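The values are calculated or read from the model by the stated rules, or taken from the named source; none is laboratory data. Since the model is a prediction, treat every value here as computed from it, not as a measurement. Virtual Cβ from ideal backbone geometry, glycine too; neighbours counted across all protein chains shown.
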Amino acid sequence: MSKNASALAAQIKAIAGDAPVRIGMILGSGLGHIADAVDGVAIPYADLPGFPHAGVSGHNPNLVIGDLEGVRVAVFGGRAHYYENGRADAMRLPLEVLRALGADTMIATNAAGSMRADMPTGSIMCLSDHINFSGLNPLIGEPTDARFVPMKDAYDPDLRRALRAAADETAVVMADGIYAWYSGPSFETPAEIRAIAMLGADAVGMSTVPEVILARFLGLKAAAISTITNMAAGLSDEAISHEHTKATAPIGAAKLEKVLRQFLGGLRSRKVINMVH
Ligand code: HPA
């Protein structure tokens, strides 16, 4: 744990209270409103030295700490992407802070393009694995042996099962699939999409993979859900643009919010049961 992270965690606890956070959630493009549902305090990233500027429109650059469905959460309303500043480890400090606040779990959300006809715009996908098509890594430069992070089951099987149960309970159709990280900020060419589809990817996006690598490095369990905002390049006549992403993200976001709330509600009741027994 870096000194910065400990200092930031102390600063955050002084504002939001000492109770340990259970789960951290990172919100993707067009998903920022989920932070508004949290009963707690919002701390602007600008007040947290070293936090990213989160300069992408459609993001909400606040850290919100409080209760959602009875579970204490830390919601990162925006993320930094590799393409903003060339740093694949841009989310390292926020995730270190999440750990220092007591969390053991990170759930990332993102907007993504789909390579599968049964995952149209407006659908959601729970990541089962990823392909790091960027060749970048947030742990390059990390000097300790901890950098050799195993990535089998990086998307925690128990978390995935619980998210799947939450989707079933709320009658939300949620696909399972493999996400390919493409660095951006330009979108992919149709040839690149054909290539990653051939390699086994189901969806493509510009985030999440470095965060999951960092989460595993820091000992956080990880899960991630994509909202499909478009068919990937060359697969439909639909326009691909950031405007389009922001416009279509709310369709999937409503489903994602239902699943996340049900999932958190389930955690709360499991905690109560654990306390009783
Ligand atoms: N490609 C990469 N990132 C994305 C896309 C896409 O098609 N849609 C939303 N984010």
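Taking ALA165 as the residue in question, decide whether it is more than 17 Å from ILE107 (Cα to Cα) and either part of a helix (DSSP H, G or I) or away from the ligand (no atom under 16 Å from the Cβ) (or both). The answer is no for ALA165.
Yes or no, residue by residue, for (1) more than 27 Å from GLU96 (Cβ to Cβ); (2) surrounded by 18 or more Cβ atoms within 10 Å (Cβ to Cβ); (3) basic (Lys, Arg):
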residue	(1), (2), (3)
PHE217	no, yes, no
ALA222	no, yes, no
SER226	no, yes, no
ASN230	yes, yes, no
ALA233	yes, yes, no
LYS246	yes, no, yes
GLY252	yes, yes, no
LEU256	no, yes, no
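Exactly one residue out of ARG147, ARG161, ARG116 is modelled with pLDDT of 95 or more and in contact with a Leu (Cβ under 6 Å, 6 or more places away or on another chain), and it is ARG147.
Name the single residue, out of those in segment 3-37 being among the aliphatic types (A, V, I, L, M) and assigned to a loop (DSSP other than H, G, I, E, B), that is modelled with the lowest pLDDT. For segment 3-37, the residue satisfying everything is LEU31.
Residues in segment 116-137 that are surrounded by fewer than 24 Cβ atoms within 10 Å (Cβ to Cβ) and within 17 Å of the chain's Cα centre (by Cα): SER123, CYS126, SER128, ASP129, HIS130, ILE131, ASN132, ASN137. Sub-7 Å Cβ pairs linking a first residue in segment 14-37 that is on the phi > 0 side of the Ramachandran plot to a second residue that is within 16 Å of the ligand (Cβ to nearest atom), at least 6 apart or interchain, are GLY30/GLY58; GLY30/ALA111; GLY30/THR245; GLY30/LYS246; GLY30/ALA249; GLY30/PRO250; GLY30/ALA253, ordered by first then second residue. Residues satisfying the criterion are present in segment 58-73 (criterion: within 16 Å of the ligand (Cβ to nearest atom) and under 30 Å from LEU235 (Cα atoms)).
Taken over segment 116-132, residues that are part of a loop (DSSP other than H, G, I, E, B) and away from the ligand (no atom under 16 Å from the Cβ) amount to 1.
Out of the residues in segment 100-115 meeting the condition of being within 8 Å of the ligand (Cβ to nearest atom) and within 14 Å of the chain's Cα centre (by Cα), tell me which one is surrounded by the fewest Cβ atoms within 10 Å (Cβ to Cβ). If we take residues in segment 100-115 being within 8 Å of the ligand (Cβ to nearest atom) and within 14 Å of the chain's Cα centre (by Cα), then ALA111 is surrounded by the fewest Cβ atoms within 10 Å (Cβ to Cβ).
Quick check, is LEU136 aliphatic (A, V, I, L, M) and within 24 Å of ARG22 (Cβ to Cβ)? No; evaluated as a whole, the condition is false for this residue.
If you go through segment 117-162 and pick out every residue that is hydroxyl-bearing (Ser, Thr, Tyr) and farther than 12 Å from GLY177 by Cβ, you end up with 3. Of everything in segment 79-99 that is hydrophobic (A, V, I, L, M, F, W, C) and outside any loop (DSSP other than H, G, I, E, B), the residue that is nearest to the chain's Cα centre (by Cα) is LEU95. Is it the case, given these coordinates, that LEU68 is touching a helix residue (DSSP H, G or I) at 6+ places or on another chain (Cβ under 9 Å) and either within 30 Å of LEU199 (Cβ to Cβ) or among the small types (Gly, Ala, Ser) (or both)? It is false that LEU68 is touching a helix residue (DSSP H, G or I) at 6+ places or on another chain (Cβ under 9 Å) and either within 30 Å of LEU199 (Cβ to Cβ) or among the small types (Gly, Ala, Ser) (or both). Residues of segment 113-134 that are under 21 Å from HIS244 (Cβ atoms) and among the aliphatic types (A, V, I, L, M): MET115, ALA117, MET119, ILE124, MET125. For segment 20-28, the condition of being away from the ligand (no atom under 16 Å from the Cβ) and touching a Pro at 6+ places or on another chain (Cβ under 7 Å) holds for none of the residues.
The single condition from (1) over 20 Å from LEU220 (Cβ atoms); (2) more than 15 Å from the ligand (Cβ to nearest atom); (3) not in a strand (DSSP E or B) that ALA42 fails is (3).
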